1. Is it the case that Asn61 is at pLDDT below 95 and loosely packed, with under 13 Cβ neighbours inside 10 Å?
2. How many residues does the stretch 64-81 hold that are open to solvent by 60 Å² or more (accessible area, probe 1.4 Å) and more than 9 Å from the chain's Cα centre (by Cα)?
3. Can you name the condition, by its number, that Gly39 falls short on among (1) under 15 Å from Gly83 (Cβ atoms); (2) without any contact (Cβ under 8 Å) to a residue 40 or more places away in the chain; (3) open to solvent by less than 90 Å² (accessible area, probe 1.4 Å)?
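The values are calculated or read from the model by the stated rules, or taken from the named source; none is laboratory data. Since this is a predicted model, take the numbers as computed values, not measurements. Cβ placement follows ideal geometry from the backbone for every residue including glycine, while neighbour counts extend to all protein chains displayed. Heavy atoms of the whole protein, side chains included, go into the accessibility calculation; ligands, DNA and RNA do not. Shrake-Rupley method; radii C 1.70, N 1.55, O 1.52, S 1.80 Å.
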Amino acid sequence: MKKIGSLLHKRKLAKKNIDPETVFYVFRQVIKEEYGKQGAANIVPVFFRDGKISIKIAVANWKNEIQQNGQMVVQKINQHLGGEEVRNLILEK
């Protein structure tokens, strides 16, 4: 018989396999909620791996906005996903 602690530990370590399209969908929704259609048009997710979303930003003003409020965006994405799937936003050049 296994101890309950070992079973709980294994369950915590098991990661959800979340696909990039789901992360991108939620990312777009959060950006649209926070920054409207203009933000959604200028802030585009490109790549997701290892908890990081690479994003392409068309205008420097939006880049500044994401640099200052990126962690808030990450928190909202994770709230929608129901876990700590995203850790960071990477701004592409």
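1. yes
2. Summing the residues that are open to solvent by 60 Å² or more (accessible area, probe 1.4 Å) and more than 9 Å from the chain's Cα centre (by Cα) in the stretch 64-81 gives 7.
3. (1)
Okay, residues lined up against (1) aliphatic (A, V, I, L, M); (2) more than 17 Å from Glu21 (Cα to Cα); (3) out of contact with any Gly (no Cβ under 6 Å at 6 or more places or on another chain); (4) modelled with pLDDT of 95 or more:
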position: Glu34; (1), (2), (3), (4): no, yes, yes, yes
position: Lys37; (1), (2), (3), (4): no, yes, yes, yes
position: Pro45; (1), (2), (3), (4): no, no, yes, yes
position: Ile53; (1), (2), (3), (4): yes, no, yes, yes
position: Lys56; (1), (2), (3), (4): no, no, yes, yes
position: Val74; (1), (2), (3), (4): yes, no, yes, yes
position: Arg87; (1), (2), (3), (4): no, no, no, yes
position: Lys93; (1), (2), (3), (4): no, yes, yes, no
